[in-house]
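Written below as structure tokens is the structure these notes are about.
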Ligand code: CP
Ligand code: NVA
């Protein structure tokens, strides 16, 4: 007799959009549409009855926390919130041990943390699907919900021009990966020292995305279908706030800039927003702004994502089986 480890080789995670093919994304969007319709019509859809999601938060959140927890409740499951003082990854125990322990009790793990490596280590050691709820490098749940929101507003993603007015942060990196999946044109305007990582941009460009980096906001926004912005100072960069406030003064989404884009352009923001900094109150509240549609769709998209990941990972839970020697 020998022990065979059926390790979680077919387990599906969402650490970045690299984990999904375009076909996967389309399945998730179709499921999102179906679940959103059911939720709006009050039709029960307890697809995850008896399942549990662990939610690890090492950074603050409104949308991610509420949408994952409410989503799990609507699907008939349960969510366990683990805040910054609870697990203390890297202090109280390793990311690997955390993943191994949680896998013995829960069906899914969602984590929001600083270093992307923490999430990679957790996922490599967990036998259940791991979802990245934001790291310093990527925010895939937000961009999936944004793509779905754009499908609702624009019918198709192919060939859209996205102007991103902010630094090369986690949102920018994730949009760059999305641009590869849908052959989008992605133009980012930011000061030179705040550009996105060249390795991420180069890889997406190799895969067919058009990536433009400029210091000129008007150049990025010309003929854009989407103007996207995000806070100038991301979570974890608070000690750079004064420098960033000065560096980004020219990089505000305001009415003057909006006039340069297509008349049909929509304005997007992952939120939270800082009115008067990266975006004016007028633009955020304008009819072209779809920011609260984005926020709503986090709920529907993540419900679909959780159902899809569990289905795609079926039978992959790490287990030891006995097999006879041939
Ligand atoms: N957009 C987003 O992820 O919001 P929270 O930080 O509130 O979760
Ligand atoms: N770039 C922002 C996104 C917030 C949802 C941050 O990381 O703080």
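Once the chain from residue 59 to residue 195 is taken as fully extended at 0.36 nm per residue, the excess over their C-alpha distance is 46.6 nm. Could you tell me the calculated FRET efficiency between residue 311 and residue 246, based on Cβ-Cβ distance and R0 = 51 angstrom, to the nearest 0.05? My answer for the efficiency is 0.55.
Largest mean-square fluctuation among 287, 140, 196, in a Gaussian network model of the chain whose springs join Cα atoms under 10 Å apart, belongs to 287. Label-to-label distance, residue 203 versus residue 30, with points set 7 angstrom from Cα along the beta-carbon direction: 2.8 nm.
In plain terms, the chain from residue 88 to residue 238 could stretch by 52.0 nm, reckoned as 0.36 nm per residue minus the Cα-Cα distance. Note on the range 120-238: Kirkwood radius taken over Cα pairs, Stokes-Einstein applied at 4 °C and 1.567 mPa s, translational D equal to 87 µm² s⁻¹. The gain in end-to-end length when the residue 282 to residue 296 segment is fully stretched comes to 2.9 nm, 0.36 nm per residue minus the alpha carbon separation. How tilted is helix 140-154 with respect to the longest principal axis of the chain? Cα atoms for both, answer in degrees (0 to 90, nearest 10). It is inclined by approximately 60 degrees. At q = 0.16, 0.21 Å⁻¹, what base-10 log of I(q)/I(0) does the Debye formula yield for the range 1-113 when every alpha carbon is treated as an equal point scatterer in vacuo? Evaluating at q = 0.16, 0.21 Å⁻¹ gives log10 I(q)/I(0) of -0.94, -1.36. Rounded to the nearest whole angstrom, the semi-axes of the ellipsoid equivalent to the chain, taken from the Cα gyration tensor as √(5λ), stand at 35, 21, 19, largest first.
Compute a Gaussian network model of the chain, connecting alpha carbons closer than 10 Å, and tell me which residue from 306, 235, 55 fluctuates the most. Highest fluctuation among the options: 235.
Peptides 249-255, 157-163, 119-125, 90-96, ordered by how many other C-beta atoms sit within 10 Å of their residues on average, highest first, read 119-125, 157-163, 249-255, 90-96. Protection proxy ranking, highest mean first, for peptides 174-184, 60-70: 174-184, 60-70, where packing is the per-residue count of other beta-carbon atoms within 10 Å, averaged. Modelled label positions at residue 10 and residue 115, each set 7 Å beyond Cα in the direction of Cβ, lie 3.4 nm from each other. Taking every alpha-carbon pair under 8 Å whose residues sit at least 6 apart, the chain reaches a relative contact order of 23 percent. Rounded if a/c is under 1.5, else prolate if a/b beats b/c, else oblate: with a ≥ b ≥ c from the C-alpha gyration tensor eigenvalues square-rooted, which is the range 224-311? In terms of gyration-tensor shape, oblate. Using only Cα atoms, tell me the angle between helix 63-74 and the longest principal axis of the chain; keep it within 0 to 90° and round to the nearest 10. Taking Cα atoms only, the helix is inclined about 50 degrees. Rounded to the nearest 500, the 222 nm mean residue ellipticity of the chain from helices alone is -12000 deg cm²/dmol, with -39,500 (n - 2.57) taken per DSSP H run of at least 4 residues. Between residue 105 and residue 219, the FRET efficiency estimated from the beta carbon spacing at R0 = 41 angstrom works out to 0.20.
We did not get these values from a lab; they are worked out from the coordinates using the rules stated. Fair warning: this is a prediction, and the values are worked out from it, not measured in the lab. Note that we place each Cβ from the backbone using ideal geometry, even for glycine, and neighbour counts take in every protein chain shown.
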